[in-house]
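Have a look at the structure below, then the notes.
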Amino acid sequence: MRLHDYAPRPAHLKWLLDSDPAIRWQVMRDLTGEDPSAIAAERSRVATEGWGAELLALQSPAGTWGGPKLLAFRPDLPEEDRSLLFTLYTLVVLMDLGLDPASKQAQRMIGRVDKRLVFKPLNNRPFLHGETEPCINGRILAIGSYFKEPNDALANQLLGEQLEDGGWNCEAPKSQCSSFHTTICVLEGLLEYERAGRKSAAVTKARRRAENYLLERRMFRSLRTGEVISKRWLRFSFPTFWHYDVLRGLDYLRSAGIKPDSRVSEAIEVVIERRHQNGRWPLNLLHPEDIPLEMETGVGRASRWNSLRALRVLRWYNNSTW
């Protein structure tokens, strides 16, 4: 299946570029192939303009994020747990925006997190050392590796929690069947860990096993029955928080440099089917989690995040010679 008709057209690129620096620099890198110096210059603006600058300005001196949205966020949790989870999701979005970790703004931000945030129920364990659930620890491993330094103990903990089928599950050991949600969070964390200079045979082997877990299931089907595991996975959102969907899974494979094969073909078709006649991908749904910033328009309307990610996934697939 060749996808020449799905290459980004000038009007689509103009719409994407007429946006926040976080979108623009990734379009320049992934879709238009601009000069590296131009990409770096645009990326540097994430710290000082638009969504990135707004999120950085909302961090408290204590290192957390809060505000009015926190009041309605996860009322079932104690206030301290809510604050840390809200902060975790905000940090993940800053990473998704591509905030340059070497910028003084990023260093100041992660310095507050590193010095001031702890998990009190875990004997005041530092936030960047992780907690107990692999879905959260995969995110924390990615954040620490991207913004500060890779945490070897946390990576080894995750390697030791990999299940027999190749993935991870926050319900283990009660459940020995992996979860797509947990697995994608850990995969993204291990990939950032390797990119931070910790590439090893053990980590690569663990990632390959988990990637095959997704691929053997065609990115969204039950290995046993062949049925779609969750129809929500065929609808795309941003931010993704801890939730898996087909676009997030494919974008991970692209980012990891995995060569696509026939096992992703059906998932690629799902991406194509989600495209509107105007050539843009809509925001299909919003998850109940939150961050202290509105980035996109409402559900059903054109989404630059979904369009950017879908176009680069299609380009990755189309450029393959398998």
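The values are calculated or read from the model by the stated rules, or taken from the named source; none is laboratory data. From a predicted model like this one, the values you see are computed outputs, not experimental measurements. Every residue, glycine among them, receives a Cβ derived from its backbone with ideal geometry; neighbour counts consider all protein chains shown. Calculation scope for accessible area: heavy atoms of the full protein, side chains included, ligands and nucleic acids excluded. Shrake-Rupley method; radii C 1.70, N 1.55, O 1.52, S 1.80 Å.
Miscellaneous remarks
- Largest accessible area first, the listed residues V299, V113 line up as V299, V113 when surface is computed with a 1.4 Å probe on the assembled protein chains.
- Beyond 32 Å in Cα-Cα separation lie the following of the pairs K115/K231; K14/K115; K14/K199; K69/K259; K148/K174; K69/K115: K115/K231; K14/K115; K14/K199; K69/K259; K148/K174.
- In the stretch 32-142, the portion of solvent-accessible area held by carbon and sulfur atoms comes to 53 percent [1.4 Å probe, whole percent, DNA, RNA and ligands not counted].
- Considering only F241, W316, V203, and ranking their Cα positions along the charge dipole of the chain that arises from unit charges at the beta-carbon of Lys, Arg, Asp and Glu, the one farthest toward the positive end is W316.
- With the helix formula -39500 (n - 2.57) applied to DSSP H stretches of n ≥ 4, the chain reaches a computed 222 nm mean residue ellipticity of -15000 deg cm²/dmol.
- Placing unit charges on the Cβ atoms of the charged side chains and taking the dipole of the stretch 97-163 about its Cα centre, the candidate lying farthest along the positive direction among N151, P126, S103 is S103.
- Unit charges on C-beta of K, R, D, E only; dipole of the chain, Debye: 500
- Each Lys and Arg Cβ is given +1 and each Asp and Glu Cβ -1; about its Cα centre, the stretch 89-144 then shows a dipole of about 320 debye.
- For the stretch 70-127, the relative contact order works out to 16 percent when only alpha carbon pairs closer than 8 Å and six or more residues apart are counted.
- Ordering of 14-23, 121-130 by packing is 14-23, 121-130, highest average first (other Cβ atoms within 10 Å, averaged per residue).
- Among 266-273, 77-84, 137-144, the peptide with the highest mean count of other Cβ atoms within 10 Å heads the list, and the full ranking is 137-144, 266-273, 77-84.
- The stretch 148-270: relative contact order as a whole-number percent, Cα under 8 Å and 6+ apart: 21
- Result for the chain in a Gaussian network model with C-alpha springs under 10 Å: among S60, S255, S200, the largest mean-square fluctuation is at S200.
- Given charges at beta-carbon only (K, R positive; D, E negative), |dipole| of the stretch 30-127 in Debye: 580
- For the chain: relative contact order, % (alpha-carbon pairs under 8 angstrom, 6 or more apart): 17
- All alpha carbon pair distances within the stretch 164-297 were sorted into 10 Å bins beginning at 0; the resulting P(r) in whole percents reads 11, 40, 35, 13, 1.
- The calculated pair-distance distribution of the stretch 48-179 uses every alpha carbon pair, bins of 5 angstrom beginning at 0, and gives 2, 10, 19, 21, 20, 15, 9, 4, 1, 0 percent.
- Of the DSSP H helices in the chain, not one has a Cα length along its own long axis of 30 Å or more together with a mean Kyte-Doolittle hydropathy reaching -0.5.
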